[in-house]
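Colleague: Dropping the structure in here first, questions after.
The values are calculated or read from the model by the stated rules, or taken from the named source; none is laboratory data. Small disclaimer: the values here were computed from a predicted structure and weren't measured. Cβ atoms come from the backbone with ideal geometry, glycine included; neighbour counts cover every protein chain shown. Side chains are part of the model used for accessible areas, which takes the heavy atoms of the whole protein and leaves out ligands, DNA and RNA. Shrake-Rupley method; radii C 1.70, N 1.55, O 1.52, S 1.80 Å.
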Amino acid sequence: MRILVNLLLDTLPMLGNVLLLCFFVFFIFGIIGVQLWAGLLRNRCFMDENLTIQGNITLPPYYQPEEDDEMPFICSLSGDNGIMGCHEIPPLKERGHECCLDKDDYFYYISVRQEFNVSGMCVNWNQYYNECRTGNSNPHKGAINFDNIGYAWIVIFQVITLEGWVEIMYYVMDAHSFYNFIYFILLIIVSNKCPFASVD
């Protein structure tokens with residue numbers, strides 16, 4: 001056991017250059033990520049501020065997929081060339097049917113006291129989430145973002161371990177540009193020199 005420990009201690013100076021390379025990779029890719037994508041993963045589709053909804057209807061402030069808010073719908077601002085836009089939000093579904101009414105139809109049916117008992121006779125509130133702007137929350141309870149160099153290093157570490165990196169790449173592509181995949185492919189190739197890049 002003592003021989004093994006001494007052997008490990010003797011190899012530490014030889015790992016110094018590798019660790020220095022890893023730090024350099026983290027630093028450069030972190031700066032690039034912050035400069036390109038700071039705040040973009042908070043983009044959400046909000047309702048128009050001038051939209052008025054009467055009655056006791058409560059809707060979330062921005063569009064959230066029904067399955068899980070851990071997988072948010074990240075949209076692209078008008079100045080960016082991201083893949084997803086607010087016009088690509090799917091129609092609202094109730095009882096397995098797509099809702100086809102708008103808010104004016106809803107208020108009309110309410111005024112004449114008619115029940116919505118026909119398939120599709122529900123309001124597609126998702127059509128009103130048409131304004132992409134920056135919100136307050138990042139994906140995965142705020143852990144995935146490039147808002148500062150610290151969070152960028154956390155994301156980079158997750159990418160080079162190959163755990164969930166595709167999902168992160170899709171978030172960035174949705175918000176900014178399709179060609180952002182180049183960053184992630186280069187990061188994985190360059191980081192293969194790091195001793196912890198193949199963590200399972």
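Colleague: Which numbered condition trips up LEU15, out of (1) modelled with pLDDT of 85 or more; (2) surrounded by 12 or more Cβ atoms within 10 Å (Cβ to Cβ)?
Modeller: All conditions are met except number (1).
Colleague: When you look at PHE24, is it out of contact with any helix residue (DSSP H, G or I) (no Cβ under 7 Å at 6 or more places or on another chain), farther than 18 Å from VAL172 by Cα, at pLDDT 80 or above and not acidic (Asp, Glu), yes or no?
Modeller: yes
Colleague: Of (1) surrounded by 14 or more Cβ atoms within 10 Å (Cβ to Cβ); (2) within 30 Å of CYS86 (Cα to Cα), VAL25 satisfies all except one. Which?
Modeller: Going through the list (1) surrounded by 14 or more Cβ atoms within 10 Å (Cβ to Cβ); (2) within 30 Å of CYS86 (Cα to Cα), VAL25 breaks only (2).
Colleague: Also: Pairs under 6 Å by beta carbon, first residue outside any loop (DSSP other than H, G, I, E, B) in segment 76-87, partner among the small types (Gly, Ala, Ser), six or more apart or different chains?
Modeller: Note: pairs meeting the criteria are ASN81/SER177.
Colleague: Hey, another quick one. Here are the criteria: (1) in a loop (DSSP other than H, G, I, E, B); (2) in contact with a Phe, Trp or Tyr (Cβ under 8 Å, 6 or more places away or on another chain); (3) surrounded by fewer than 18 Cβ atoms within 10 Å (Cβ to Cβ). Tell me which single one LEU36 does not satisfy.
Modeller: (1)
Colleague: Let me ask something else about it. Within segment 117-126, can one find any residue that is at pLDDT below 90, assigned to a helix (DSSP H, G or I) and open to solvent by less than 80 Å² (accessible area, probe 1.4 Å)?
Modeller: yes
Colleague: Looking at segment 1-26, which of its residues are of a type outside the set (Val, Ile, Thr) and in contact (Cβ under 8 Å) with a residue 24 or more places away in the chain?
Modeller: Applying the first criterion (of a type outside the set (Val, Ile, Thr)) to segment 1-26 yields 1-2, 4, 6-10, 12-17, 19-24, 26.
Selection gives LEU15, LEU19, LEU21, CYS22, PHE26.
Colleague: Please enumerate the residues belonging to segment 164-180 that are more than 10 Å from TRP37 (Cβ to Cβ) and assigned to a helix (DSSP H, G or I).
Modeller: TRP165, VAL166, GLU167, ILE168, MET169, TYR170, MET173, ASP174, PHE178, TYR179
Colleague: Looking only at segment 181-198, which residues are assigned to a helix (DSSP H, G or I) and either among the hydrophobic types (A, V, I, L, M, F, W, C) or at pLDDT 85 or above (or both)?
Modeller: PHE181, ILE182, TYR183, PHE184, ILE185, LEU186, LEU187, ILE188, ILE189, VAL190
Colleague: Just give me the residues in segment 39-64 being farther than 18 Å from ASP102 by Cβ, assigned to a loop (DSSP other than H, G, I, E, B) and open to solvent by less than 40 Å² (accessible area, probe 1.4 Å), in sequence order.
Modeller: If the condition is that a residue be farther than 18 Å from ASP102 by Cβ, assigned to a loop (DSSP other than H, G, I, E, B) and open to solvent by less than 40 Å² (accessible area, probe 1.4 Å), then GLY39 is the only one that fits.
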